[in-house]
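Undergrad: Sharing a structure here in structure tokens format.
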Amino acid sequence: MLVGVVVFPGSNCDLDALWAIEHGLGEEAKFIWHRDKIVSDVDMIILPGGFSYGDYLRTGAFARFSPVMESVTDFAREGGLVIGICNGFQVLLEAGMLPGALIANRRLRFICKDVFIRAERSDTAFSVSIPQGTVLKIPIAHFCGNYFADAETLSRIESNGQVLFRYCGENGEVSAEFNPNGSSNNIAGLVNERGNVLGMMPHPERYSEAILGGEDGRMIFASVREFLKKREGAFVRGA
Amino acid sequence: MRNFKATVKVRKKATVADPEGKTISEALVRLGYDQVKKIRTGKVFHVELTAENLDSAKKTVDKISKDILTNPIIEIYEFEIEECEC
Amino acid sequence: MRNFKATVKVRKKATVADPEGKTISEALVRLGYDQVKKIRTGKVFHVELTAENLDSAKKTVDKISKDILTNPIIEIYEFEIEECEC
Amino acid sequence: MIEPTVDLALAIGHGLTEEEFRKIIEILGRTPTFSELGIYSVMWSEHCSYKSSIKYLKRLPREGEHVLAKAGEENAGALDIGEGKAVIFKIESHNHPSALEPYQGAATGVGGILRDVFSMGARPIAAMDSLRFGELSDPKQQHLFNGVVEGIAGYGNCFGVPTVGGEVVFDKAYSGNCLVNAMAVGIADTGKIMPAKASGVGNPVFILGATTGRDGIHGATFASVELSDKSAEDRSSVQIGDPFLEKLLLEATLEIIEKGLAVAIQDMGAAGITCSSSEMAAGGGVGIKIDLDKVPLRESGMIPYEILLSESQERMLIIGKKGLEDSLCEVARKWELNIERIGTVTEGDRFKCLWHGELVCDIPAKTLVLGGGAPIYDRPYIRPAGLDAINTRNSAIETDKDPIELLEALLSMPSIAGKRWVFEQYDHQVGTNTVIKPGGDAALVRVKETSKFLAISTDCNGRFCALDPHVGAMQAVAESARNVVSVGAWPIGITNCLNFGNPEKPESFWQFVRAVEGMGEACRAYNIPVTGGNVSFYNESQNGAIFPTPVIGMLGIIDKPQDIIRQDITSDLQLVEIGECDCPEFGGSSLQKILFGDPFGLPPRIDLDREIANAKFILSARDRGLIEACHDISDGGLGVALAELCIWNDLGASIEIPED
């Protein structure tokens, strides 16, 4: 399996994502510079965390105009699997590939800590090997992680079952007490209607090796491998 | 080409939460300014640009505001523009 | 008591660098808006307050702007105020 | 700004003494131009020349088998950690700018220390911050504390370096003059460390990064000026940091070094172009000619004086290789950075600058720098008159207060209480190397592509140093060592940030001399080198001088994952105290502060041989698998140490103190 990690000017979790795929998952990964096109042999794309363009104007506001985003959109349109992590999630929202927006955390402070998230579905490419209801411990690190969507959009993504991860307590209970940043409905990660594009605020690449304090993040990457293997018996692009 | 100066004001739609505005108004009341009822925050961009005439300058500023300076899902914008020697 | 609405605009002093404004203007030029010569960013506060009269409302808004909304070391402010029913 | 005529009054106004002004005239054989006067005033300021401190810094142990770059030779210290890797590290202060504008002061402090590290070809893998403010009950101190933490977070998080620890201390001694010391640690390939010495006549000189403005002029001299209302009008010199540009600068600089396109690189810190180019020239024994017309400017109407002294942030001076200029510029363009050739390495030893074709500066580079012509002073020092009375006052404590109440009072002191509110604002996990997260004794980060781990600790107890700077400095080194040993590492070297008062006051300078002696003695005992650091004098204000505060930044090394001692314990374990507590010592203690306020008596005695024996004992017990966790007993004593271990692990403990 070959993973393409996109690098925007200001991305700072790109090295981490590459390392997690190579050393955490034991698969191949390569960087894709924001000005290049994506070569066809990539099985999944990661838009990594960081501060693309310094998060100036709005987080991800300029990254979405990078030349590479055209081919990221095409790749997704043809069913390719895309994960946007933290800043990467913000870029997907600005590019209109996922509904809603991310605004400043409720208490206006940058938050870096472990949180628990509950997997709402186990039938997406990103969660086939994560039983529904499983609680994962994964760290967050952001200032603008407060997911917002207007009432109509919110009810649509809930009824479509697009919400993949929700902030919760250690035993999976979803409540305001365990909502670190004020996100609507405790949303921590959601997929597009087709289910092949995931945006999530927590950083799975930071908990893909035991020595760093957790391995729950690797389960998301492992799900993608499992999904691709099961579907075609070989790694062929297209969901 | 002539020089123009625009002031673009961008702020959150009324339906969108404004954590910064809420925090500041709470702090002000705590400091004794209880006349303050509500605060909403926003951004302002002071743009200097060149254009053929006022009309085309307006079109450019409007396009920039709509496509880039504003996230239509959560924000609205307004702008003023005038010629200047700057 | 009567209701007033003020718009306080805060921005960096001209001598102080504005990395955000610089990055936005460079990005716009790269996106083809080469008419854009310069951008300076700032904040805007939409304040709703009550006061005896316009004069005391002005005094309050000025004090709030000077003491809290502005960092006098690197920022300057200006504001407009008007009565409203809001 | 039109150029004033140069005379003694103007020189005095620039912080130069009459004797220094005469020496400049003697060197040049004429009166200096306005630009040259500005250059000498900055290069001979305390901040750049170390003129009051170098006499004593030279006596510190700087040798060591692992030392790759000795203190003062390069931008930062460098130690070989094996497996082809070197650790590059340094700590620096940004005290005065932070007192004026806390957010930007702290942010640009972090930016500056990061550049020192990556200009040598090392990717920063950890940052630490040692902060000191007045009492937290004072709203002004809350404003400073809040702004400094947000500034460190704002810069470090965007740049992408994990801020993995440090310390925060609150004491009224720092109310008029906060301390913001920032440390950075990076990893480079031992064979690819980029020097800061210019070489190769004819090689091009480039300026890479931000454009140049008027910000920070007098920054260097400003750092050597006591904070008083007089310095209020210097406020316009506030420097603004751009962490996004710094991230591009990092990637471009590392790529330039990786591709062998440069012979020397130095970041532009205090005194901007002047300091970097003159130090690079003097260090390499060559000349440098700069054409100021070529320097990309952010503001109009700037004159040579301003361009040369500007401290605009996020700029690098690079000595390229003749013939490879285009490839160097290509790397800069890839990362969307300004790059401009502004000069050339020349024969001889002159630092020359042209403006509109006219020579505005022609100085022997060596005469500007430390170790060259910069003045060296042998300042008088004398033990403070009142210290005997303070030291002889009995510090034994008899109190009828309930010990549990006192323990709770200690635990709720802001200096001792948990710092989660601080480090949760720092991204302390970016880089996926953080093995032990902030909040413990020392931070621990792994070194990718090796089996090694680096423990990092910053420590100093200002109250101990106020009572006896010599013992206080030894305690600071020993405390850092206890912290790195607590996570299973052995000390390999230190950097230091020496925060002191006015060196022209003999009583204040006595504190500095004694502290440096103590630090040297302790490092010799641990057989570790001092790899460099920073001296910050004039930390005084109307409220008087701060506690003498020699902050130690120590690195320890762990060779394999099994050697890590974590602090997460399970129940029913035995608690063992290593080392004796043969007599009560409360001089300078936090308990003393709660009960009596200002420090008096003597600080706790220190026996370095016993400290090292304890450390060796712990690591050998660890080797036999006998240790689950280890925590050093420091501020607040045994009670606080036990309480912290329990709090960290949501566990209780029952303690019986044997009678004998």
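The values are calculated or read from the model by the stated rules, or taken from the named source; none is laboratory data. The structure presented is a predicted model; accordingly, all values stated were derived computationally and were not measured. A quick note on method: Cβ atoms are made from the backbone with ideal geometry, for glycine too, and the neighbour counts reach across all protein chains shown. For the accessible areas, the whole protein counts, side chains as well, though only heavy atoms, and no ligand, DNA or RNA atoms are used. Shrake-Rupley method; radii C 1.70, N 1.55, O 1.52, S 1.80 Å.
Undergrad: Can you tell which of D:Ile81, D:Ser41, D:Leu60 lies farthest toward the positive end of the dipole of region D:27-175, using +1 and -1 charges on the Cβ of basic and acidic side chains (Lys, Arg; Asp, Glu)?
TA: D:Ser41
Undergrad: What are the semi-axes of the equivalent ellipsoid for the protein assembly as shown, taken as the square roots of 5 times the Cα gyration tensor eigenvalues, largest first, in whole Å?
TA: After scaling each eigenvalue by five and taking roots: 43, 38, 31 Å.
Undergrad: What is the local net charge at C:Lys66, summed over the other residues whose Cβ is closer than 13 Å to its Cβ (Lys, Arg +1; Asp, Glu -1)? Each step should come with its number before you reach the end.
TA: Values: positive: C:Lys58, C:Lys59, C:Lys63; negative: C:Asp62, C:Asp67, C:Glu75, C:Glu78.
So the surrounding residues net to -1.
Undergrad: Within chain A, count lysine pairs with alpha carbon atoms under 27 angstrom apart where the residues are 8 or more positions apart or belong to different chains.
TA: Here the count comes out as 7.
Undergrad: Loop-only GluC sites (Glu not before Pro) in region A:99-173, please: DSSP not H, G, I, E or B, and at most 11 other Cβ atoms within 10 Å. Walk me through the numbers before you get to the answer.
TA: Values: sites: A:Glu120, A:Glu152, A:Glu158, A:Glu170, A:Glu173; in loops: A:Glu120, A:Glu170, A:Glu173.
Answer by residue number: A:Glu170.
Undergrad: Give the lysines whose C-alpha is closer than 19 Å to that of D:Lys401, dropping any in the same chain fewer than 8 places away, or say none.
TA: Once the sequence-local lysines are set aside, what remains near D:Lys401 is D:Lys593.
Undergrad: D:Lys172: which aspartates and glutamates have alpha carbons under 14 Å from its alpha carbon, excluding same-chain residues fewer than 8 sequence positions away?
TA: Reachable aspartates and glutamates: D:Glu135, D:Asp138, D:Glu540, D:Asp598.
Undergrad: Kindly give the distances from C:Glu80 to its copy-mates, label point to label point, with each label point 7 Å from Cα along Cα→Cβ, as nm values to one decimal ordered shortest first.
TA: 0.4
Undergrad: Right, here's the next one. Measure off 7 Å from each Cα along the Cα-to-Cβ vector at D:Trp648 and C:Asp62, then give the distance between these two points in nanometres to one decimal.
TA: It is 5.6 nm.
Undergrad: Same structure, new question: So which trypsin sites (Lys or Arg not before Pro) in region D:582-640 end up in coil per DSSP with only 14 or fewer other C-beta atoms within 10 Å?
TA: Working: sites: D:Lys593, D:Arg605, D:Arg610, D:Lys616, D:Arg622, D:Arg624; in loops: D:Arg605, D:Arg624.
Here the sparse-neighbourhood loop sites are D:Arg605, D:Arg624.
Undergrad: Picking from A:Asn171, A:Ile111, A:Val191, whose Cα lies most toward the positive end of the charge dipole for region A:2-231 (charges on Cβ: Lys, Arg +1; Asp, Glu -1)?
TA: With unit charges placed on the Cβ atoms, the residue in question is A:Ile111.
Undergrad: Let's see if you can work this out: charge +1 on each Lys and Arg Cβ, -1 on each Asp and Glu Cβ, no other charges. What is the dipole magnitude of the protein assembly as shown about its Cα centre, in debye to the nearest 20?
TA: 2100
Undergrad: Please list, by residue number, everything in region B:49-73 whose backbone N is under 17 Å from a paramagnetic label point 7 Å out along Cα→Cβ of A:Asn160.
TA: B:73
Undergrad: Further, regarding this structure: Which distance in Å, rounded to a whole number, links the C-alpha centroids of region B:65-84 and region C:1-23?
TA: Their Cα centres are 16 Å away from one another.
Undergrad: Sticking with this structure for a sec: How do C:30-36, D:279-285 rank on mean C-beta neighbours within 10 Å, highest first? Don't skip to the end; give the middle numbers.
TA: Numbers: C:30-36: 15.0, D:279-285: 24.1.
Descending packing order for the listed peptides: D:279-285, C:30-36.
Undergrad: Can you give me the angle between helix D:34-43 and the longest principal axis of chain D, using Cα atoms only, in degrees from 0 to 90, rounded to the nearest 10?
TA: 20
Undergrad: Before rounding to the nearest 500, sum -39500 (n - 2.57) across all DSSP H runs of length at least 4 in the protein assembly as shown and divide by the residue total; then give [θ] at 222 nm in deg cm²/dmol.
TA: On the way: 31 runs with 325 residues, N = 1071.
Value at 222 nm, helices only, nearest 500: -9000 deg cm²/dmol.
Undergrad: Determine the total buried accessible area between chain C and chain B, counting protein heavy atoms only with a 1.4 Å probe; round to the nearest 100 Å².
TA: When C and B are taken together, about 2800 Å² of accessible area is lost.
Undergrad: Less than 17 Å apart at the alpha-carbon level, and either on another chain or at least 8 residues along: which aspartates and glutamates does that give for D:Lys560?
TA: Within the straight-line limit of under 17 Å, D:Lys560 reaches these aspartates and glutamates: A:Glu209, D:Asp80, D:Glu83, D:Glu449, D:Asp623, D:Glu628.
Undergrad: What does the average come to when, for each residue of peptide B:2-11, you count the partner chain Cβ atoms lying within 10 Å of its Cβ?
TA: Details: counts 0, 1, 2, 2, 2, 3, 1, 5, 3, 3.
Averaged over the peptide's residues, the number is 2.
Undergrad: Could you let me know the centre-to-centre spacing of region A:1-70 and region A:86-117, using Cα atoms, in angstrom?
TA: About 17 Å separates the Cα centre of region A:1-70 from the one of region A:86-117.
Undergrad: Over region D:442-542, what percent of the accessible surface lies on carbon and sulfur atoms, probe 1.4 Å?
TA: C and S atoms contribute 47 percent here.
Undergrad: Which of rounded, prolate or oblate describes chain A when judged by the alpha-carbon gyration tensor and an a/c cut-off of 1.5?
TA: Verdict is rounded for chain A.
Undergrad: Could you check the simple spin-label distance between C:Lys38 and B:Thr23, using points 7 Å along Cα→Cβ, in nm with one decimal?
TA: For the pair C:Lys38/B:Thr23, the computed spacing is 3.1 nm.
Undergrad: Another question, then. Among A:Leu154, A:Cys13, A:Pro48, which residue has its Cα furthest toward the positive end of the charge dipole of region A:2-231, with +1 on Lys/Arg Cβ and -1 on Asp/Glu Cβ?
TA: Selected residue: A:Leu154.
Undergrad: Which loop-located GluC sites (Glu not before Pro) does region B:15-86 contain, where loop means any DSSP state but H, G, I, E or B and the Cβ has at most 12 other Cβ atoms within 10 Å?
TA: B:Glu52, B:Glu85
Undergrad: So, one more: With every protein chain kept in place and ligands, DNA and RNA left out, what is the accessible area per residue of chain A? Probe 1.4 Å, answer in Å². Could the numbers behind the result be given before it?
TA: On the way: 7790 Å² over 239 residues.
It amounts to 33 Å² per residue over chain A.
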